[in-house]
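Input: a single structure, listed below in structure tokens.
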Amino acid sequence: MKIHEYQAKGILKKYGVDVPRGEMATSREEAEAAAKNLFAAGASGVVVKAQIHAGGRGKGGGVKIAKSMNEAGEIAAKMLGMKLVTHQTGPEGRIVRRLLIEETLHIEKELYLGILVDRAEAKPVFMASAAGGMEIEQVAAENPNAILKQHIDPGMGLEPFQARKIAFQLGLKPQQINPAVQFLTGLYRAFLDTDASLVEINPFIACTDGRLFALDAKINFDDNALFRHSDIRELRDITEEDPLEVEASKYSLNYIKLDGNVGCMVNGAGLAMATMDIIKYAGGMPADFLDVGGGANAEQVTHAFEILLSDKNVKAVLINIFGGILRVDTLATGVVAAAKKTNIQLPIVLRLEGTNVEAGREILKQSELNFTVAETMKDAAEKVVAAARA
């Protein structure tokens with residue numbers, strides 16, 4: 001789960017991580033009031049930042065500086081409701097519904113900090129770079145040596161010597177080392193306590209007066225741990241998510257919309273990945289990743305089918321099921337019910353194996369609906385790609 005920048009900064013502040021003073025606004029009036037408060041507190045300017053779940057906001061016109069309360073209000077009025085397009089949103093963009101009004105700071109140096117899980121090492125890894133303010137993927141591709149890494153022993157946590165090492169390698173001044181150690185320690189505690197999958201500060205800035213701040217903040221959370229964090233669950237903004245993915249989450253379905261025209265419904269993440277691969281191998285493009293899970297019932301299968309068909313780009317459907325906990329006859333019952341309910345006209349290719357497969361095939365046969373049953377995954381992929389092209 002993703003959250004907005006202002007929400008991430010609110011969490012980090014609780015852990016002693018310094019962030020610029022700022023307030024969230026959803027209207028011109030709120031933006032002007034926030035700017036007024038910041039100027040009264042001594043700010044020399046304010047920055048108006050669009051709050052969407054995507055990077056590259058500055059290049060897209062979603063970050064602007066104002067020198068007065070009125071100017072902040074004018075910028076806010078133009079920014080709210082605009083469709084902000086960045087390299088991460090795609091051409092469809094995102095509608096700006098919230099703003100962060102924040103004090104400007106005198107920046108001397110822009111750096112990068114990030115924490116995520118290194119699955120190969122089975123440890124959290126602290127990443128840092130002197131190339132702050134840039135896309136870290138670009139930095140990694142052009143100059144991998146510019147990224148510093150410190151793996152963290154889960155039993156020991158981030159140790160002080162590791163934090164000092166990062167601070168020195170970033171080229172901070174001697175008087176900034178101890179504050180940097182506190183900053184990095186707070187960042188790791190926030191990562192650990194909230195069950196985050198990613199904490200990213202880009203840029204992490206050193207000001208001309210020596211102070212250190214998280215000028216931007218991004219936190220993603222492990223969905224499987226959200227049951228432990230009701231306060232974090234409440235931060236979810238479904239307007240920033242794909243409507244079909246939101247709908248799928250209501251029924252505990254794993255759905256991700258893609259750009260192709262072959263709809264996929266599979267049980268099990270590994271089989272789903274293999275199914276998408278074989279569709280591409282057959283010359284097609286998957287329209288989604290849809291894993292109904294090993295324990296889905298007929299009702300969930302019906303909802304999965306409806307969600308899949310809500311994508312107007314889908315021209316044919318491949319259902320690839322290996323029956324284990326999810327029996328093939330249960331799947332077949334759900335598919336038939338969904339096909340009748342939606343009055344589907346699209347070609348449907350099924351590849352079925354496993355528990356109660358014969359009973360499942362009989363259910364499909366008795367439905368008298370126009371299903372194509374394939375013998376192998378290769379056969380199924382070739383048939384569904386051909387049907388999508390027809």
- Within the range 192-224, restricting to residues that are modelled with pLDDT under 95 and part of a helix (DSSP H, G or I), the one that is farthest from K9 (Cα to Cα) is N224
- Message: Quick check on this structure: which one of A390, A332 is over 23 Å from S252 (Cα atoms) and either small (G, A, S) or buried (at least 20 other Cβ atoms within 10 Å of the Cβ) (or both)?
- Response: A390
- Note on the structure: Residue pairs qualifying under the 8 Å Cβ cut-off, at least six apart or on distinct chains, with the first in the range 370-386 being without any contact (Cβ under 8 Å) to a residue 60 or more places away in the chain and the second being of a type in the set (F, W, Y) and not in a helix (DSSP H, G or I), are none
- Message: When you scan the range 320-333, do you find a residue that is within 21 Å of K383 (Cβ to Cβ) and within 22 Å of the chain's Cα centre (by Cα), even just one?
- Response: no
- Query: So, in the range 360-378, of the ones that are assigned to a helix (DSSP H, G or I) and surrounded by 16 or more Cβ atoms within 10 Å (Cβ to Cβ), which residue ends up nearest to the chain's Cα centre (by Cα)?
  - Reply: M377
- Listed residues A140, A214, A190, A196; which is in contact with a strand residue (DSSP E or B) (Cβ under 9 Å, 6 or more places away or on another chain), of a type outside the set (D, E), under 16 Å from I107 (Cα atoms) and surrounded by 13 or more Cβ atoms within 10 Å (Cβ to Cβ)? A214
- Complete set of residues in the range 246-270 that are small (G, A, S) and within 16 Å of the chain's Cα centre (by Cα): A248, S249
- In the range 347-376, how many are within 25 Å of K280 (Cα to Cα) and in contact with a strand residue (DSSP E or B) (Cβ under 6 Å, 6 or more places away or on another chain)? 12
- Check on G93, under 18 Å from the mean Cα position of the chain (by Cα), on the phi > 0 side of the Ramachandran plot and small (G, A, S): yes
- Item | F322 aromatic (F, W, Y) and in contact with an Asp or Glu (Cβ under 7 Å, 6 or more places away or on another chain) | yes
- Could we say that D231 is under 26 Å from L364 (Cβ atoms) and without any contact (Cβ under 8 Å) to a residue 60 or more places away in the chain here? no
- Task: Out of the residues in the range 116-133 that are touching a residue at least 24 places away in the same chain (Cβ under 8 Å) and part of a loop (DSSP other than H, G, I, E, B), state the one that is farthest from A77 (Cα to Cα).
- Result: E121
- Mind checking which residues of the range 335-359 are crowded, with 16+ Cβ neighbours inside 10 Å and closer than 19 Å to D379 by Cα? L346, P347, I348, V349, L350, R351, L352, G354, V357
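The values are calculated or read from the model by the stated rules, or taken from the named source; none is laboratory data. Just so it is clear, the model here is predicted, and its values are computed rather than measured. Counting neighbours? That spans all protein chains shown, and the Cβs are built from the backbone with ideal geometry, glycine included.
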